[in-house]
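See below for the structure under consideration.
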Amino acid sequence: MAGNLELLASVLGRARNEGRAALVGYLPAGFPTVDGGVAAMTAMIEGGCDVVEVGLPHSDPVLDGPVIQTADDIALRGGVKIRDVIRTVGEVHAATGAPVLCMTYWNPVDRYGPERFAADLAEAGGAGCILPDLPVEESEVWRKAAEQHGLATVFVVAPSSRDERLAKITAAGSGFVYAASLMGVTGTRESVGLEARELVERTRATTELPVCVGLGVSNATQAAEVAAFADGVIVGSAFVKRLLEAEDHEAGLHAVRELAGELAEGVRVAR
């Protein structure tokens, strides 16, 4: 079974044709439980997210701030395994029909086996993989497996990336480019860095791929701010925080669905 790279491209293209940025939501698998995570991600799509990223919980998540680290810790203490991450991708896609990507550091994929991981992710209906710590120079094995199985390979670029580096990264990627809005780790911010707009402009000069901005967005105002210049707005910590602060699971589902609706409205009023 081929992965859903084409579905991802179609959904991002549809948002562009509607004159808006896409809304991409993130949650780690296994948080608060495997089944609870599937329900929360489904609620995010129902609320207005176009795409979902399923995080693979990691004991040393160098890109993630304290909120997502807390969720990862809960998932790991709950015993989440890679097979649960892949099951989450499959069940969220089956329930919603939306493109679902896995976001993971390279080490778990390397240990699982890149070919096996790509095959299993595609079989589940996954659309691709975001690999923030995989250098493009060392990505050939993964990219071949992903291409064979119809999966996107999404690389992360940062404000510190020089233009020649951006060109090299975007030439190797597919699906979209993940532009980190600022230097640092994930987490909500009072304002989204002005560096993000410049980074999107410099990245677009190297590629036709959509450029989606992550890190720091937590409310509709910030989503609108980013959606004014980016092809997609990625939100993670704000969804995790809503679940952490909820009194119970049902309240958590309501909270993430409500936040997705607010953010979706934000990306629609930006242009």
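The table for this structure:
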item	result
Of all residues making up segment 133-148, the number that are touching a helix residue (DSSP H, G or I) at 6+ places or on another chain (Cβ under 6 Å) and not in a loop (DSSP other than H, G, I, E, B)	5
Qualifying position, being in contact with a Ser or Thr (Cβ under 9 Å, 6 or more places away or on another chain), of a type outside the set (Val, Ile, Thr) and at pLDDT 95 or above, among Ala21, Ala29	Ala29
Some residue of segment 178-198 being at pLDDT below 95, farther than 16 Å from Gly55 by Cβ and among the basic types (Lys, Arg)	yes
Candidate set from segment 105-132 (those that are out of contact with any Ser or Thr (no Cβ under 8 Å at 6 or more places or on another chain) and assigned to a loop (DSSP other than H, G, I, E, B)); member that is most open to solvent (accessible area, probe 1.4 Å)	Pro132
Residues of segment 8-52 classified as touching a strand residue (DSSP E or B) at 6+ places or on another chain (Cβ under 9 Å), farther than 16 Å from Ala95 by Cα and acidic (Asp, Glu), total	0
Meets criteria (modelled with pLDDT under 95, within 18 Å of Ala127 (Cβ to Cβ) and either in contact with a Pro (Cβ under 6 Å, 6 or more places away or on another chain) or not polar (S, T, N, Q) (or both)) for Val156	yes
Residue tally, condition in contact with a Gly (Cβ under 6 Å, 6 or more places away or on another chain) and either assigned to a helix (DSSP H, G or I) or of a type in the set (A, V, I, L, M, F, W, C) (or both), over segment 149-173	4
Leu244 assigned to a loop (DSSP other than H, G, I, E, B) and either surrounded by fewer than 19 Cβ atoms within 10 Å (Cβ to Cβ) or at pLDDT 95 or above (or both)	no
Where a residue in segment 6-28 is over 24 Å from Leu215 (Cβ atoms) and its partner, wherever it lies, is surrounded by 13 or more Cβ atoms within 10 Å (Cβ to Cβ), with Cβ under 7 Å and at least six apart	Leu7/Pro99; Leu7/Ala127
Flag if Arg20 is buried (at least 16 other Cβ atoms within 10 Å of the Cβ) and under 18 Å from Gly175 (Cα atoms)	yes
Criterion (open to solvent by 10 Å² or more (accessible area, probe 1.4 Å) and either at negative phi or not in a loop (DSSP other than H, G, I, E, B) (or both)) met by exactly one of Val92, Val80	Val80
Qualifying position, being touching a residue at least 24 places away in the same chain (Cβ under 8 Å) and open to solvent by less than 10 Å² (accessible area, probe 1.4 Å), among Ser174, Ser161, Ser181	Ser181
Pairs where the first residue, in segment 102-115, is in contact (Cβ under 8 Å) with a residue 24 or more places away in the chain and among the β-branched types (Val, Ile, Thr) and the second is open to solvent by less than 20 Å² (accessible area, probe 1.4 Å) and in a helix (DSSP H, G or I), C-beta under 6 Å, 6+ apart	Val109/Phe117
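Results for (1) at pLDDT 95 or above; (2) out of contact with any helix residue (DSSP H, G or I) (no Cβ under 9 Å at 6 or more places or on another chain); (3) part of a helix (DSSP H, G or I); (4) open to solvent by less than 40 Å² (accessible area, probe 1.4 Å), shown as yes or no for each residue.
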residue	(1), (2), (3), (4)
Gly216	no, no, no, yes
Ala223	no, no, yes, yes
Val240	yes, no, yes, yes
Leu253	yes, no, yes, yes
Arg257	yes, no, yes, no
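The values are calculated or read from the model by the stated rules, or taken from the named source; none is laboratory data. The model shown is predicted, which means the values in this text are computed figures rather than measured ones. Methodologically, a virtual Cβ is constructed for each residue, glycine included, from the backbone with ideal geometry; neighbour enumeration extends over all protein chains shown. Areas reflect the complete protein model, heavy atoms only, side chains present, ligands, DNA and RNA absent. Shrake-Rupley method; radii C 1.70, N 1.55, O 1.52, S 1.80 Å.
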